[in-house]
Every structure is written in C-alpha cells, then in structure tokens.
Amino acid sequence: MKPLKSAEELNRAMEAYADMVRRICFVHLKNRHDTEDVFQNVYMKYMLYEGAFENDGHEKAWFAKVTMNACKDWLRYLARRKWVPLELVSEEKEALDDTSTEVIEAVWGLPEKYRNVIYLYYYEGYSAVEIAGILGKKENTVYTWLARARDILREKLGGEWA
C-alpha cells in the first residue's frame, strides 16, 4: 500500500492550492457539486502521490494539470452515464470572485483547449512557456491558442479583449 502524506503536508497544500483547484473545477464542470467531488479526488491523488516536487511552482503546476485531467475524467464519466445535471449558472455566480459574469460565460463557451490556456494565462498567471509545460504542448501552440481564443472572445464580447 502506498504511504499517505502527513496531515501537515495536506493542510499546507490545501492552503496553497485549494482556491485554484476549485476555480479550475468550476470553470470545467460549471456546478458546485461536481466541483466538490473532483476537488476531493484531486486531493486524494495528492495524498497518494509518491513523487517529489522540485519547487512550489512544480507542485502548483502538478495540481493544475491533475485537476484539469480529473475534470476531463469526470465529464467522460458523466457522458458514459448519459446524465448531466442541468443547473442554472446564476445559482453558481456567488462562487466566482468579482469577475464579470459575461466574460466568464464567454470563456466557458470556448473549446476546451482555448479555455484551458486562457484560464491558466489570465486567472493563474502562468506564462505561455509554463502553460506549454503543464499541457505538454509546444510553446508556439500555446501562443496560437491564446491568439485564437482572444479573437473568439473579442468577437463574442465586442471590442478589445487582452
């Protein structure tokens, strides 16, 4: 059996990354209940993770990537069950920070690859080089996806968008 991380390690990781993990989950899953389920799964994976992190940035990137993959797995699970909960976005607005609902909804409407790079770049502050490492893509691919996502958002929202 794999050794579990200590309570101190778990508490430190939760203090450092819980908000980011919840935001990533919410952006992908769009409801609080699924977000909490996936949140727990991510931290269970952390508890069982045997590897060592080079630094805090590596650990943060690990959480971002594991969370996105866990969300994809969760959505595949729901698709296989042929059941997706229909909840109103307005019920979930209070879970978001002071971010414009219109912008968030436009970002949610992006294809997944664009949504991921926009989220990591603008909301988590990663550079394109770091995003390329997290997603396992080439740096130029990330730049292209950012440009295309900005074009789509500019068209949807009208006017200038980053």
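Could you tell me whether N41 is farther than 20 Å from E8 by Cα and either in a loop (DSSP other than H, G, I, E, B) or open to solvent by 60 Å² or more (accessible area, probe 1.4 Å) (or both)?
On the way: farther than 20 Å from E8 by Cα: no; either in a loop (DSSP other than H, G, I, E, B) or open to solvent by 60 Å² or more (accessible area, probe 1.4 Å) (or both): yes.
So N41 does not fit the description; no.
List every residue pair whose Cβ atoms lie under 9 Å apart, where the two residues are 6 or more positions apart in sequence or sit on different chains, the first residue falls within the range 128-140 and is surrounded by 14 or more Cβ atoms within 10 Å (Cβ to Cβ), and the second residue, located anywhere, is in a loop (DSSP other than H, G, I, E, B) and at pLDDT 90 or above.
Listed by first residue and then by second, the contacts come to I131/K137; A132/K138.
Residue by residue, here is whether (1) without any contact (Cβ under 8 Å) to a residue 40 or more places away in the chain; (2) out of contact with any strand residue (DSSP E or B) (no Cβ under 6 Å at 6 or more places or on another chain); (3) open to solvent by less than 80 Å² (accessible area, probe 1.4 Å); (4) not in a helix (DSSP H, G or I) holds:
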{"site": "L4", "(1), (2), (3), (4)": "no, yes, no, yes"}
{"site": "L10", "(1), (2), (3), (4)": "yes, yes, yes, no"}
{"site": "A18", "(1), (2), (3), (4)": "yes, yes, yes, no"}
{"site": "I24", "(1), (2), (3), (4)": "no, yes, yes, no"}
{"site": "V27", "(1), (2), (3), (4)": "no, yes, yes, no"}
{"site": "D37", "(1), (2), (3), (4)": "yes, yes, yes, no"}
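Which of the residues spanning the range 126-148 are farther than 13 Å from G57 by Cβ and of a type in the set (F, W, Y)? Step through it out loud before you land on a result.
Quick first cut of the range 126-148, residues farther than 13 Å from G57 by Cβ only: 128, 132, 135-148.
Hits for the range 126-148 are Y143, W145.
Which one of the conditions (1) more than 11 Å from the chain's Cα centre (by Cα); (2) touching a residue at least 40 places away in the same chain (Cβ under 8 Å) does H58 fail to meet, given that it meets all the rest?
Single failed check for H58: (2).
The values are calculated or read from the model by the stated rules, or taken from the named source; none is laboratory data. Since the structure is predicted, the reported quantities are computational estimates derived from the model, not experimental observations. A quick note on method: Cβ atoms are made from the backbone with ideal geometry, for glycine too, and the neighbour counts reach across all protein chains shown. All accessible areas refer to the heavy atoms of the entire protein, side chains included, with ligands and DNA or RNA removed. Shrake-Rupley method; radii C 1.70, N 1.55, O 1.52, S 1.80 Å.
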